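The values are calculated or read from the model by the stated rules, or taken from the named source; none is laboratory data. It should be emphasised that the depicted structure is a prediction, and the values quoted were computed from it without experimental measurement. Glycine gets a Cβ as well: all are built from the backbone with ideal geometry, and neighbour counts include every protein chain shown. Accessible surface is based on the protein model in full, side chains and every heavy atom, while ligands, DNA and RNA are left aside. Shrake-Rupley method; radii C 1.70, N 1.55, O 1.52, S 1.80 Å.
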Amino acid sequence: QVQLVESGGGLVQAGGSLRLSCAASGRTISSYAMGWFRQAPGKEREFVAGISWSGSTSYAESVKGRFTISRDNAKNTMYLQMNSLKPEDTAVYYCAADPNYRAILRLLSVNYWGQGSQVTVSS
């Protein structure tokens, strides 16, 4: 079992930055693909960014060039640096882990989820 805990969310003005962290416990994440997802009120959960065990990354078009996903296997932690935030980025952000990178990229039966962290961007 892998337990995931997000931190770093909060309230920020449009154009500002936040960094989310996802701390894992229970197992080392070095062999897991990981990702960030978000869910706004009244909307379905959507893919934001993913990172494979080898460090390959993928981003949703809406965040390309503004968000950066990274991982520190030594700290068993994943990050999401969010710059140039927009009001439409407001959502609960979830981190996730799965042995299969495709599951992360396609949001298919992802094995492990964090509890979520609220990000609110004011205009």
Can you name the number of the only condition in (1) closer than 19 Å to GLN118 by Cα; (2) open to solvent by less than 60 Å² (accessible area, probe 1.4 Å); (3) of a type in the set (Asp, Glu) that ASP98 fails?
(1)
Which residue is farthest from THR90 (Cα to Cα), if the candidates are limited to the stretch 43-56 and must be open to solvent by 20 Å² or more (accessible area, probe 1.4 Å) and either assigned to a strand (DSSP E or B) or modelled with pLDDT under 95 (or both)?
SER54
Filter the stretch 103-123 for residues that are surrounded by 18 or more Cβ atoms within 10 Å (Cβ to Cβ), hydrophobic (A, V, I, L, M, F, W, C) and in contact with a Phe, Trp or Tyr (Cβ under 6 Å, 6 or more places away or on another chain) and give the result.
VAL119
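Residues checked against (1) of a type in the set (Lys, Arg); (2) farther than 22 Å from GLY42 by Cβ:
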{"position": "TYR59", "(1), (2)": "no, yes"}
{"position": "ALA74", "(1), (2)": "no, yes"}
{"position": "ARG106", "(1), (2)": "yes, yes"}
{"position": "VAL119", "(1), (2)": "no, no"}
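Residue by residue, here is whether (1) in a strand (DSSP E or B); (2) hydrophobic (A, V, I, L, M, F, W, C); (3) open to solvent by 30 Å² or more (accessible area, probe 1.4 Å) holds:
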{"position": "GLY16", "(1), (2), (3)": "no, no, no"}
{"position": "MET34", "(1), (2), (3)": "yes, yes, no"}
{"position": "SER58", "(1), (2), (3)": "yes, no, yes"}
{"position": "GLU61", "(1), (2), (3)": "no, no, yes"}
{"position": "GLY65", "(1), (2), (3)": "no, no, yes"}
Does LEU80 qualify as being more than 10 Å from the chain's Cα centre (by Cα) and in contact (Cβ under 8 Å) with a residue 60 or more places away in the chain?
no
